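The values are calculated or read from the model by the stated rules, or taken from the named source; none is laboratory data. Remember, it's a predicted structure, so these values are computed and weren't measured experimentally. With ideal geometry, Cβ positions are generated from the backbone for all residues, glycine too; neighbour counts draw on all protein chains shown.
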Amino acid sequence: MKTEHQRAPPGHDDLAAQPCRLRYAGQARFDEEDDEDRLSGLIRDGYPRSFDSNMHPIPANAPVIEFRDVAYVLPNGQPLLRDLNLQVQRGETLVLLGRSGSGKTTTLKLVNRLLNPSGGQVWVNGAPNEETDVICLRRSIGYVIQDVGLFPHFTVERNIGLVPRIEGWPTDRIQLRVQELLQIVGLGREIASRYPYQLSGGQRQRVGVARALAADPSILLMDEPFGALDALTRDQLQREFLLLQERLDKTVVFVTHDLREALRLGSRIALMEAGQLVTVLPPQDFLRSTDPLAAAYVQAFGEGLNSVATRGSE
Amino acid sequence: MNVFHFFLQHHEEILELTLEHLWLVGISTLLAVLIGIPLGILSAHWPVWNKPVLGTANIIQTIPSLALFGFLLPVPWIGARADRLAILALTLYALLPVIRNTYTGIRGVDPSVVEAGRGMGLTGRQLLFQVELPLAVSVILSGVRVAVVVSVGLATIAAAIGAGGLGEFIFRGLAMVNNQLILAGAIPAAVLALTADFGLGWLERRLQPR
C-alpha cells in the first residue's frame with residue numbers, strides 16, 4: 001500500500017516512466033487489430049474501469065464512490081460538510097445540487113483529494129482514499145471545472161495529451177487519442193494546433209472535457225462545467241453530454257446550482273444545503289418531492305420542468 | 001571631438017574595464033538568479049516564508065551601497081579580495097527584484113490552471129516546471145532585467161573599494177576634475193545598461209505566454 005510519502009520518488013517525473021500504469025484501452029491487443037477496430041474498441045471498451053488504481057479487480061456491484069460519515073472543517077474551525085453519507089453507482093450521473101456555499105464543490109474535491117476529509121472516509125473504486133496514491137488517484141479521475149483551466153502555454157493537443165504523456169504513452173498513441181477525443185467532443189482536427197486563447201468559450205470547455213477523458217478514466221468529476229457559457233452553447237453542450245454519457249458510460253459526479261441542468265443530466269439528484277445532504281432522488285421524484293427545500297427549488301425554477309426531467313422512476 | 005579622441009586613445013583600457021564591469025555584473029546576476037528564484041518559489045508556495053524572505057531582501061535593499069561595501073570588508077574570505085566583495089554586495093542588491101518577481105509571477109498564475117493541473121494528477125514538481133515557471137517566466141525575467149540595470153549602475157561604485165570596473169574612470173575623473181575621464185566610465189556603463197535592458201526586454205516579450 002502506497003502512502004503519501006512515497007508518491008514522488010526520484011524519477012517520478014521521468015516521462016518514460018509509467019508511474020500509475022494507466023493503460024490505454026487496447027494496449028494488450030494493440031497488434032491484433034486494425035486501426036478502426038481499435039478506435040471503436042477504445043470508446044466502448046471498459047477494462048480499465050474494472051480495476052482500481054492499483055490494478056486490483058473491483059467487484060461489479062460495489063459503489064464507485066462512497067462517502068462514509070464524511071465531515072470537512074476549515075482550518076479556522078468553520079464546518080463546511082457534516083455527516084455526509086452518499087454512494088455513487090457505476091455508470092450513473094449523480095448531480096450535486098445546491099446554492100453557493102452548500103458544500104457541493106467541497107464534496108467533489110474530496111473525491112480526488114484536492115481536499116482531505118476532517119472526519120469519515122471517502123472510498124473510490126473499492127479502496128479508502130487515504131490509502132491510494134494521490135497522484136495515481138487523480139490521474140484515474142477526470143476533472144472538469146467551470147473556468148476550464150486549460151494550460152495557456154500549451155496547444156490544444158498538448159493540453160489534451162498531458163496525462164497520457166506523463167503516463168509515458170508512446171507519442172503516436174497519444175496523437176491518435178487526441179484526434180479521437182477531439183472527434184468525441186465535436187471539435188475539428190484543425191483545433192489541435194491552436195492555443196487556448198484562440199478558442200471560444202464553448203470550444204474551450206469541450207477541450208476541457210476532452211482533456212479529462214484523455215486517459216480514459218472511469219470517473220468524471222464536473223464542477224459547474226457549463227456555468228460560464230451562454231444559454232445556447234450550454235444547451236448544446238448539455239445535449240452532447242447526454243449523448244456522450246450514453247456512449248462512454250462513465251460514472252459522473254456533476255455539480256450545479258441550476259435545477260434545470262440537474263433534472264436534464266442527472267440520473268439522481270443529491271440536494272445539499274448548509275453542508276448537509278438533504279435528499280437524494282431521481283429527477284421525476286425530485287419534482288414530486290414533499291421535502292420543503294426540494295419543493296422550494298422546484299417552485300423557484302417555475303413551470304415546464306416536467307419536460308426537462310428525462311430520467312426517473314416512472 | 002575631445003571626448004572622441006580620448007576614447008580612441010584609451011580604447012584598450014576602456015575595453016578592459018568594460019569587460020571587468022561585465023564580469024562583476026554577470027557573476028552577481030547569475031548568483032542572484034540561482035539564489036533568488038528558489039527563494040521566490042519557496043515564498044510563493046509556503047506563505048510562512050513569504051515575510052521573512054521578502055522582508056530580509058527589502059532590508060538589504062535599504063542599506064546604502066557604499067556602507068554595504070564597508071560592512072563586508074571585515075568578512076574573512078570575502079573581504080580578502082575586492083572583486084569577491086563587490087560580487088557579494090551586487091548579488092545581495094539584485095536579490096530583491098528577482099525574488100519579488102518570481103513570487104509575483106508564480107502567484108499570478110491563474111488559480112484555475114493550477115487547480116486543473118493538480119486535479120489531473122501532476123506532481124508538485126511537474127506543476128512547477130511544466131506549468132508555473134513557464135507561465136511566470138516573463139515576470140521573472142523582468143525582475144532579472146531590473147536587477148541587471150541596477151547592478152550596472154551600482155558596480156561603478158565597486159571601484160571605490162578597488163574592485164575595478166568602469167567606476168575606475170569615474171572616480172579618477174572626479175579626483176582629477178576631468179570630465180572626459182568621467183564620461184569614459186559613464187558612457188560605456190550607460191550603453192551596457194541600455195543594451196541589457198533592451199536585450200532582456202526583447203527576451204521577456206518573446207517568452208510572454210499568451
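Odds and ends about this structure:
- Scan of the range B:88-121 for residues that are assigned to a helix (DSSP H, G or I), within 14 Å of chain A (Cβ to nearest Cβ) and farther than 22 Å from B:Lys51 by Cα, ordered by number: B:Ser112, B:Val113, B:Val114, B:Glu115, B:Ala116, B:Gly117, B:Arg118, B:Gly119, B:Met120
- Selection within the range B:188-210: residues that are without any contact (Cβ under 8 Å) to a residue 40 or more places away in the chain and assigned to a helix (DSSP H, G or I). The member of this set that is farthest from the chain's Cα centre (by Cα) is B:Arg206.
- The set of residues in the range A:245-261 that are farther than 25 Å from A:Met272 by Cβ and touching a helix residue (DSSP H, G or I) at 6+ places or on another chain (Cβ under 9 Å) comprises A:Arg247, A:Leu248, A:Asp249.
- Complete set of residues in the range A:179-225 that are within 15 Å of A:Tyr143 (Cβ to Cβ), in a loop (DSSP other than H, G, I, E, B) and in contact with a helix residue (DSSP H, G or I) (Cβ under 7 Å, 6 or more places away or on another chain): A:Ala214, A:Ala215, A:Asp216, A:Ser218, A:Pro225
- Of all residues in the range B:126-144, those satisfying the criterion of being crowded, with 20+ Cβ neighbours inside 10 Å and of a type in the set (Val, Ile, Thr) are B:Val131, B:Val139, B:Ile140, B:Val144.
- B:Val53 touching a residue at least 12 places away in the same chain (Cβ under 8 Å) and outside any helix (DSSP H, G or I): no
- Scanning the range B:150-187 for residues that are exposed (fewer than 15 other Cβ atoms within 10 Å of the Cβ) and outside any loop (DSSP other than H, G, I, E, B) turns up B:Leu174, B:Ala175, B:Met176, B:Asn179.
- Tally of residues being assigned to a loop (DSSP other than H, G, I, E, B) and modelled with pLDDT of 70 or more across the range A:291-305: 3
- Qualifying residue in the range A:228-243 (condition: within 14 Å of chain B (Cβ to nearest Cβ), of a type outside the set (S, T, N, Q) and in a loop (DSSP other than H, G, I, E, B)): yes
- Checked against (1) within 14 Å of chain B (Cβ to nearest Cβ); (2) part of a strand (DSSP E or B); (3) more than 17 Å from the chain's Cα centre (by Cα), A:Gly120 passes all but a single condition, namely (1).
- Selection within the range A:139-163: residues that are in a helix (DSSP H, G or I) and touching a helix residue (DSSP H, G or I) at 6+ places or on another chain (Cβ under 6 Å). The member of this set that is nearest to the other protein chains (Cβ to nearest Cβ) is A:Arg139.
- If the condition is being hydrophobic (A, V, I, L, M, F, W, C), modelled with pLDDT under 90 and over 17 Å from the mean Cα position of the chain (by Cα), then the range B:76-116 contributes B:Trp77, B:Ile78, B:Ala80, B:Ala82.
- Set side by side, the residues B:Val177, B:Val149 differ, and just one is farther than 20 Å from B:Leu15 by Cβ and in contact with an Asp or Glu (Cβ under 9 Å, 6 or more places away or on another chain), which is B:Val149.
- Residues that are out of contact with any Pro (no Cβ under 7 Å at 6 or more places or on another chain), touching a residue at least 12 places away in the same chain (Cβ under 8 Å) and of a type in the set (D, E, K, R), drawn from the range A:235-281: A:Glu240, A:Arg247, A:Asp249, A:Lys250, A:Asp258, A:Arg260, A:Glu261, A:Arg264, A:Glu273
- Among the residues examined, B:Ala67 does not qualify as within 15 Å of B:Ala147 (Cβ to Cβ), among the aliphatic types (A, V, I, L, M) and not in a loop (DSSP other than H, G, I, E, B).
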